[in-house]
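What follows is calculated from the coordinates using simple rules that are stated; it is not laboratory data. Only a predicted model underlies this, so the values are computations on that prediction, with no experimental measurement involved. Neighbour counts run over all protein chains shown; Cβ positions are idealised from the backbone, glycine included.
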Amino acid sequence: MITVHHLNNSRSQRVLWLLEELGVPYRVQRYERNAKTMLAPPELKAVHPLGKSPVISDEGTTVAESGAIVEYLIERHGQGRLAPRAGTPERLRYTYWLHYAEGSLMPLLLLKLVFGRLRSAPAPFFIKPVIKGIVGKVGQAFIDPNLRQHLSYLEAELAKSTWFAGEELTGADIQMSFPVEAAAARGGLDGRYPRLQAFLERIHARPAYQRALEKGGPYGLIES
Ligand SMILES: N[C@@H](CCC(=O)N[C@@H](CS)C(=O)NCC(=O)O)C(=O)O
């Protein structure tokens, strides 16, 4: 039986969604973020040294890193579903988005989150204007224009096909769901990006997505 080590409000929600799409039995081991720091509890380090979520255990094998988990589960349980056939152009797109989600888009969204928090972090009153100035400058000069560029790129990609890797839902869409949801929560995904908004509506309407929410517990985006 697969165990998903699931942290509340986190990337592991998409692993639950993938397992629901695959119809594979699994159990959920829940972990709660520290309410103040939003970090994972130390028990997760007993599962994997980095103590991050998601991580899964499957018959003595431990797999961390959401892209690796998506590949592992689809390879083992997909039976041809949720990944384009090897050697096709769709397969290359699938691989690209699997890496892009965590390698290119999430770092920007994390910067957005961290700099946003700096703005309200406790600091001596005379330092606060300095912090605000730096946060504003980094946002204007780097984070916000980069995010706009990425969101416009994704919007244009979804004009080419219904899903990120073609006409069928794949693991790439599941992997991309978290950064797109994070962008909707804090990254400026608004009415300028109707295809991305439609992507979110489509995935949220899927019965497997909704079952995953029931299994994972409340999912309010998104802290790290
Ligand atoms: N690139 C990793 C990121 C893992 C990660 O940072 N997970 C967050 C949850 S979304 C986490 O565990 N945060 C709690 C912490 O850092 O203590 C992946 O995709 O699995």
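Tell me, what ³J(HN,Hα) does each residue in region 31-41 have, in order and in whole Hz, if you take phi through Karplus 6.51 cos²θ - 1.76 cosθ + 1.60 with θ = phi - 60° and put x for Gly and Pro?
10, 10, 5, 5, 4, 8, 8, 6, 7, 6, x
Which angle between 0 and 90 degrees, to the nearest 10, do you get for helix 144-157 versus the longest principal axis of the chain when only C-alpha atoms count?
Helix 144-157 sits at roughly 30 degrees to that axis.
Determine the dipole magnitude for the chain: charges of +1 sit on the beta-carbon of Lys and Arg, -1 on that of Asp and Glu, nothing else is charged, the reference point is the Cα centre, and the result goes in debye to the nearest 20.
On the way: 28 positive and 22 negative charges, 167 e Å.
So the magnitude is around 800 debye.
Eight or more residues apart or on different chains, and alpha-carbon atoms under 23 Å: count the Lys pairs in the chain matching that.
So the count of such lysine pairs works out to 12.
Pop out the ³J(HN,Hα) list for region 189-195 in order, Karplus 6.51 cos²θ - 1.76 cosθ + 1.60 with θ = phi - 60°, rounded to Hz; leave Gly and Pro as x.
Per-residue couplings from phi come out as 7, 10, x, 6, 10, x, 6 Hz.
For region 1-109, state which chymotrypsin sites (Phe, Trp or Tyr not before Pro) are in a DSSP loop and have at most 11 other beta carbons lying within 10 Å of their beta carbon.
Values: sites: Trp17, Tyr26, Tyr31, Tyr72, Tyr94, Tyr96, Trp97, Tyr100; in loops: none.
Taking region 1-109 and a limit of 11 other Cβ atoms within 10 Å, no loop chymotrypsin sites (Phe, Trp or Tyr not before Pro) are found.
For His204 and Gln29 in the same chain, what is the full-extension length gain: residue separation times 0.36 nm, less their Cα-Cα distance, in nm? Intermediate values should be presented prior to the final figure.
Working: separation 175, 0.36 × 175 = 63.00 nm, distance 2.31 nm.
Contour length minus Cα-Cα distance gives 60.7 nm.
For Ala86 and Phe126 in the same chain, what is the full-extension length gain: residue separation times 0.36 nm, less their Cα-Cα distance, in nm?
So the chain would gain 8.5 nm between Ala86 and Phe126.
Where does helix 106-120 land angle-wise versus the long Cα axis of the chain, in degrees 0 to 90, nearest 10?
In the chain, helix 106-120 runs at an angle near 30 degrees to the longest axis.
How many nm separate the modelled label positions at Thr162 and Arg211, each set 7 Å beyond the Cα in the direction of the Cβ?
2.0
Once you place label points 7 Å from the Cα toward the Cβ at Val114 and Thr61, how far apart are they in nm?
With each label placed 7 Å out from Cα toward Cβ, I get 3.3 nm.
Tell me what the chain gives for mean residue ellipticity at 222 nm when only DSSP H runs of n ≥ 4 count, each as -39,500 (n - 2.57), the sum divided by the residue total, rounded to 500 deg cm²/dmol.
-15500 deg cm²/dmol
Scan region 8-63 for trypsin sites (Lys or Arg not before Pro) in coil per DSSP, keeping those whose Cβ has at most 10 other Cβ atoms within 10 Å, and list them by number. The partial results should precede the final answer.
Details: sites: Arg11, Arg14, Arg27, Arg30, Arg33, Lys36, Lys45, Lys52; in loops: Arg11, Arg33, Lys36, Lys52.
Loop-located and lightly packed - Lys36.
Quick one: helix 66-77 against the long Cα principal axis of the chain, what's the angle to the nearest 10°, folded into 0 to 90?
Once rounded, one gets 10 degrees.
Taking the alpha-carbon centroid of each part, what is the distance from region 1-59 to region 151-201 in angstrom?
24
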